[in-house]
Each structure stands twice: as C-alpha cells, then as structure tokens.
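Novice: Sharing a structure, written as structure tokens. Questions coming.
The values are calculated or read from the model by the stated rules, or taken from the named source; none is laboratory data. Because the structure is a prediction, the values reported are computed rather than measured. Cβ placement follows ideal geometry from the backbone for every residue including glycine, while neighbour counts extend to all protein chains displayed. Side chains are part of the model used for accessible areas, which takes the heavy atoms of the whole protein and leaves out ligands, DNA and RNA. Shrake-Rupley method; radii C 1.70, N 1.55, O 1.52, S 1.80 Å.
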Amino acid sequence: MRTLICGSLAFDNIMVFRGRFREHILPEQIHILNVAFLVPELRRNFGGCAGNIAYNLKLLGSDPLVMATVGDDAPAYYERLDSLGLSPDCVRRVPGTLTAQAFITTDLDDNQITAFHPGAMNQSHRNRVEDAGAIGLGIVSPDGKDGMQQHAAQFAEREIPFIFDPGQGLPLFSGPELAAIIERASYLTVNDYEAKLLSERTGWSIGELAERVDALIVTLGGEGSVIHADGATYTIPAVRPRAIVDPTGCGDAHRAGLLYGIGQQWDWHATGQLASVMGSIKIESRGGQNHALDRGAIAERYRKAFGEHPW
C-alpha cells in the first residue's frame, strides 16, 4: 500500500562553535544578553520530518508520497526529491514564503542553541489528503498546527489508518485538541517525555491512551521502545550502532520502520525491531538524510540484531 507522509520539509543549517557557550554567557548578565559566536563550520542538510521519513522508507524499497509546503527557496529540495525518486505531486509551493528552516549552533560540549523559522510550513492546511489519490496508510507528523488537525480529520473521513506523531509540535495543542486527534488515529507514537506530557494534557494514563488506538509506541532512546497493542505490551530492545555520531532524524527513521512494518502487516515484534534497526543506522551519520544503506544491507543489519529478517 502507498503511504502518505504529512509533515514538514525543511533545511537544517548546522553550525559548530569551536568554544563553549558557558565561557561567553555570564549568568549575572543574562538580562542584557548580547553575544556573537564565530562558526567556521556550516552544513546545510535536507531535513524536515516528512522528508526524513520518506527518505528512510525509500531506502526500504517503498514508494511514499510526501505532502508538505515549501517556499520560494525550494528548487534545491525539489531537485533532492527528484534524485531520490520521490514524487513532488503533493508538495505545494507557497509564493512569498521561505521553506521551514532550523539554525542550530553547537559548542564543544554538545550544547545547542536552535532557532526555527516555520515559513511555508504554517500553510500546510492548504494541502488536502484527498488530493493524494489512492492511499492505504498515512502519518501526521510535526507540521503547521492547522494542517495537522485537518489532515488527521481527512484521514479519518476517508477511513485511512494513520499514525499520529505529535513530536515537537505537541506543545502547540491543548488537551482537548490532542484528544480529538488521538480518537481519530489508528496508531500513536511518542518518546517517553512526550508520553508524560501527553498524559498531563489529556488526563489519560498510558493505559488509557493505549486503549484509544490500535497501538501506542513509546520510544526510550538508547533503551529501545515499548509497544502497547492488542492488550499486550511488547518490549523492543535498541540496536547497538557502530558509532554514535548525530541523533538528528533518528525518530523519523524509527517512524519509517513502523510505517513499513504496518504496511507489510508484520507483527509488532518485527515492526518494532525494524524501527530499532532504522534508528541505529541513522545515528551513525550526520544529518537526517545522509545514511545510504540499501534494502539488502538493512536486512543484513536486522538479521545480525534479531535473527532472520521478515522479508
């Protein structure tokens, strides 16, 4: 089945400060903060949740469809999609805006200062799920708030199962707004911190959240994940990476593994294990889309971690 990825396309501008923020930020002067950092290293990566998820699904041999909004600076991203064999048919260009962009400055202690400009992402509600044609599965990942709400409703109206992945967009929603989307979703995935925040906002315990969807997936970073489904709890171990280089996009790689397993109708053990493999592969490379294993290599990594792979 073809999967529709609703979410952001973004440029990630990564800058490295060859010093330590704490040596330049005086606590007693924080009320008049005015600092500048020389950043001799600058990388511009292709990112955004939808772009990262689709990239990983493509590695697995799927043909996902990206639904996102971009700005006047998008030609480079269109070229990127074309080079990956990803259709731009549901990527809307919004004149007079810029594509969503993150500006991340990291110091030698791995502290980060991040600024994020949503740009065209705030117009995501102009896209409609029905414009994507025949879709069997979907995901609502972090995007403009109105777009996330409307796409969830549109998936539900068309009876298309979808994952709700609030991610960094979670603080945008009130408890009742989150509850409304969860009631429509087939699957819900959050990290452990987001799970606690979601429980606080909705008033629902983890068990009550799990009762409202076919599966609740809670990721635990280096400890793996827990999947609550079918009245059971599945503990999925993490896969040890060959190196820990950059966690950017690991969650998106994990989501791609979930989507692939769900689309192939695998059991939850196999689905969760593939998601762990994908997250492990991603963390070994910088950026959200710079790991380049093919499907055969991914299958071999799965086999080494968990035994015979399911495909």
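Novice: Give the residues of the stretch 213-239 that are open to solvent by less than 50 Å² (accessible area, probe 1.4 Å) and under 24 Å from residue 180 (Cβ atoms), sorted by residue number.
Specialist: 213, 215, 216, 217, 218, 219, 227, 228, 229
Novice: How many residues does the stretch 70-88 contain that are closer than 20 Å to residue 137 by Cα and either among the polar types (S, T, N, Q) or in contact with a strand residue (DSSP E or B) (Cβ under 7 Å, 6 or more places away or on another chain) (or both)?
Specialist: Residues that pass the stated criteria total 2.
A quick yes/no check of all residues on (1) within 25 Å of residue 144 (Cα to Cα); (2) β-branched (Val, Ile, Thr); (3) open to solvent by less than 10 Å² (accessible area, probe 1.4 Å); (4) out of contact with any Leu (no Cβ under 6 Å at 6 or more places or on another chain):
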{"position": "3", "(1), (2), (3), (4)": "yes, yes, no, no"}
{"position": "10", "(1), (2), (3), (4)": "yes, no, yes, yes"}
{"position": "14", "(1), (2), (3), (4)": "yes, yes, no, yes"}
{"position": "17", "(1), (2), (3), (4)": "no, no, no, yes"}
{"position": "24", "(1), (2), (3), (4)": "no, no, no, yes"}
{"position": "61", "(1), (2), (3), (4)": "no, no, no, yes"}
{"position": "71", "(1), (2), (3), (4)": "yes, no, yes, no"}
{"position": "96", "(1), (2), (3), (4)": "yes, no, no, yes"}
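Novice: Where in the stretch 214-254 are there strands (runs of 3 or more DSSP E), lying fully within it, with 1 or more residues that are free of Cβ contacts under 8 Å to residues at least 12 places away in the same chain and touching a helix residue (DSSP H, G or I) at 6+ places or on another chain (Cβ under 9 Å)?
Specialist: Those strands (runs of 3 or more DSSP E) span 225-229, 232-236.
Novice: Quickly run through the stretch 148-194 and pick out the residues that are out of contact with any Lys or Arg (no Cβ under 7 Å at 6 or more places or on another chain) and of a type in the set (Asp, Glu).
Specialist: If the condition is that a residue be out of contact with any Lys or Arg (no Cβ under 7 Å at 6 or more places or on another chain) and of a type in the set (Asp, Glu), then 157, 159, 177, 192, 194 are the ones that fit.
Novice: Tell me yes or no: at least one residue of the stretch 218-236 is touching a His at 6+ places or on another chain (Cβ under 7 Å) and over 25 Å from residue 66 (Cβ atoms).
Specialist: yes
Novice: Tell me whether the stretch 282-297 contains one or more residues that are in contact with a strand residue (DSSP E or B) (Cβ under 9 Å, 6 or more places away or on another chain) and surrounded by fewer than 17 Cβ atoms within 10 Å (Cβ to Cβ).
Specialist: Yes; the residues of the stretch 282-297 include at least one that is in contact with a strand residue (DSSP E or B) (Cβ under 9 Å, 6 or more places away or on another chain) and surrounded by fewer than 17 Cβ atoms within 10 Å (Cβ to Cβ).
Novice: Among the residues of the stretch 121-170, which ones are surrounded by fewer than 19 Cβ atoms within 10 Å (Cβ to Cβ), under 20 Å from residue 47 (Cβ atoms) and of a type in the set (D, E, K, R)?
Specialist: 145 - this is the single residue of the stretch 121-170 that is surrounded by fewer than 19 Cβ atoms within 10 Å (Cβ to Cβ), under 20 Å from residue 47 (Cβ atoms) and of a type in the set (D, E, K, R).
Novice: Another question, if that's okay. Got a sec? Which of 302, 260 is more than 20 Å from the chain's Cα centre (by Cα), at pLDDT 95 or above and among the aromatic types (Phe, Trp, Tyr)?
Specialist: Matching residue, one of 302, 260: 302.
Novice: On the given criteria, is residue 103 within 16 Å of the chain's Cα centre (by Cα), over 29 Å from residue 261 (Cβ atoms) and either at pLDDT below 95 or of a type in the set (A, V, I, L, M, F, W, C) (or both)?
Specialist: The answer is no for residue 103.
Novice: Can you name every residue in the stretch 240-262 that is crowded, with 24+ Cβ neighbours inside 10 Å and basic (Lys, Arg)?
Specialist: 255
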